[in-house]
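Worksheet for the structure shown next.
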Amino acid sequence: MINYNLNEDTAKIKFPSTRYQGSKLKLLPWLKSVFMEIEFDIVLDAFGGTGAIAYLFKSLGKRVIYNDYLVSNYYIGKALIENKSVKYDVKKIKGLFQIKAEISYKDFIQNIFKGIYYTDEENKTLDIVVQNIMRLENIYEKSLCYFALFQACLQKRPFNLFHRKNLNLRFNDVKRSFGNKRTWDTPIQQLFIQALEQGNESVFDNRRENQALNLNIFDFKTTSDRIDLIYCDPPYFSNKGVGVDYHSYYHFLEGLCHYDHWPDLIDYQTKHRRLIPVKNQWNDPKNVVLAFDQLFNKFQDFIIAVSYRNPGIPSIREVIDILASYKKNISVSRTPYKYVLTTKKNQTNEVLIIGQ
Ligand SMILES: C[S@@+](CC[C@H](N)C(=O)[O-])C[C@H]1O[C@@H](n2cnc3c(N)ncnc32)[C@H](O)[C@@H]1O
């Protein structure tokens, strides 16, 4: 967990550790120092992901609008950004993992995902716990429990992803250069408790009306609310054109959020039972320059801050040039950085480009 001091007279607040492609958690101290130099009050985190940066803004006392097009991330935004005070009592967790007489449980995960990501016993546990969570009435309790469930599910996955049918990797008797066998073997309930405790600890009130949204950023209505600054950390393409399709990598978590309709949303042609793809301007390296242009055009009335890195498509220079066609004053801050989940050993150059 990362510690913050909101200000001298408030208690220390903490953000949970997560494993997510492109998370900026480790860059928070550097990003904080750059954002402290800019004047703004209301901020939109357009590609919110884990919520780490939205949480930084929250800790700085800003009014924060968190957005992500994945529903699973939206619940994280609800739990950690919008939520001011609701925690989920750890003593109630046992009940979440138990069968309740009044519920007639479905067994989608046990049937559809047999042998794909988790063991039969784990699939059964997931079927039960998700159907109990989706019935929780308080939206913040429900969001915190989804958050804990997602973390438990990710921790038990090789590479922390759902991009392949590879349950066997957890059990092959081989020397591994990746992953953590002990965590893979830890029961879901135990990982859930650890994550929920961290989530509970992160809940705090910055005395602002913060909000979580679940939109494709191009559907955001710029006229509906006052915003001073938009922070953009969009999906990144390497210089070879390899990108991160978040909907595809995290489809299992999305399915958990749509449990009752999940079987109708699956692309059964795929071995790993991913969801039928949804259209997204950030999934095609050939269109990504246009996507940046459309993004900056749409939000040109606000301060625009973009997290980016080298080497990528487009290059840092190209992103600056696109932004310069909408903004007069551009500043670029740099720091060396290596992403945890990248396979390459070489360090990248992380930049924060700000157009005012
Ligand atoms: C690089 S990650 C953001 C990481 C985040 N800053 C953090 O520290 O965790 C990009 C995020 O953009 C989201 N995303 C992708 N396409 C989107 C779209 N069209 N509109 C809104 N969010 C989108 C993905 O779901 C993903 O969470």
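Quick one: which residue in Asp185, Asp228 is acidic (Asp, Glu) and either within 16 Å of the ligand (Cβ to nearest atom) or within 25 Å of Asp127 (Cβ to Cβ) (or both)?
None of the other options fit; the residue is Asp185.
Of the residues Val203, Val130, which single one is in contact (Cβ under 8 Å) with a residue 60 or more places away in the chain and more than 19 Å from Asp45 (Cβ to Cβ)?
Val130
Between Tyr231, Tyr236, which is crowded, with 18+ Cβ neighbours inside 10 Å, modelled with pLDDT of 95 or more and either in contact with a Gly (Cβ under 7 Å, 6 or more places away or on another chain) or of a type outside the set (Val, Ile, Thr) (or both)? Steps first, please.
Numbers: Tyr236 fails: modelled with pLDDT of 95 or more.
Just one listed residue meets the conditions, Tyr231.
Of the numbered conditions (1) away from the ligand (no atom under 12 Å from the Cβ); (2) among the charged types (D, E, K, R); (3) touching a helix residue (DSSP H, G or I) at 6+ places or on another chain (Cβ under 9 Å), Arg309 satisfies every one except a single condition; which is it?
Unmet condition: (1).
Name the residues in the range 65-75 that are near the ligand (Cβ under 9 Å from one of its atoms) and hydrophobic (A, V, I, L, M, F, W, C), would you?
Of everything in the range 65-75, just one residue is near the ligand (Cβ under 9 Å from one of its atoms) and hydrophobic (A, V, I, L, M, F, W, C), namely Leu70.
Against the conditions (1) under 29 Å from Phe159 (Cα atoms); (2) buried (at least 19 other Cβ atoms within 10 Å of the Cβ); (3) at pLDDT 95 or above, where does Leu265 fall short? Just the number, please.
(2)
Of all residues in the range 49-64, count the ones that are within 12 Å of the ligand (Cβ to nearest atom) and touching a strand residue (DSSP E or B) at 6+ places or on another chain (Cβ under 8 Å).
7
For Gln198, work out the one condition from (1) within 16 Å of the ligand (Cβ to nearest atom); (2) in contact with a Lys or Arg (Cβ under 7 Å, 6 or more places away or on another chain); (3) not aliphatic (A, V, I, L, M) it doesn't fulfil.
(2)
Kindly establish whether Cys257 is under 21 Å from Leu28 (Cβ atoms) and surrounded by 18 or more Cβ atoms within 10 Å (Cβ to Cβ).
For Cys257, the condition - under 21 Å from Leu28 (Cβ atoms) and surrounded by 18 or more Cβ atoms within 10 Å (Cβ to Cβ) - is not met.
Quick one: which residue in Arg226, Arg207, Arg170, Arg182 is among the basic types (Lys, Arg) and in contact with a strand residue (DSSP E or B) (Cβ under 6 Å, 6 or more places away or on another chain)?
Numbers: Arg207 fails: in contact with a strand residue (DSSP E or B) (Cβ under 6 Å, 6 or more places away or on another chain); Arg170 fails: in contact with a strand residue (DSSP E or B) (Cβ under 6 Å, 6 or more places away or on another chain); Arg182 fails: in contact with a strand residue (DSSP E or B) (Cβ under 6 Å, 6 or more places away or on another chain).
Criteria check complete, one pass: Arg226.
The values are calculated or read from the model by the stated rules, or taken from the named source; none is laboratory data. What you see is a predicted model, and the numbers here were worked out from it, not measured in a lab. As a convention, Cβ positions derive from the backbone with ideal geometry for all residues, glycine included, and neighbour counts pool all protein chains shown.
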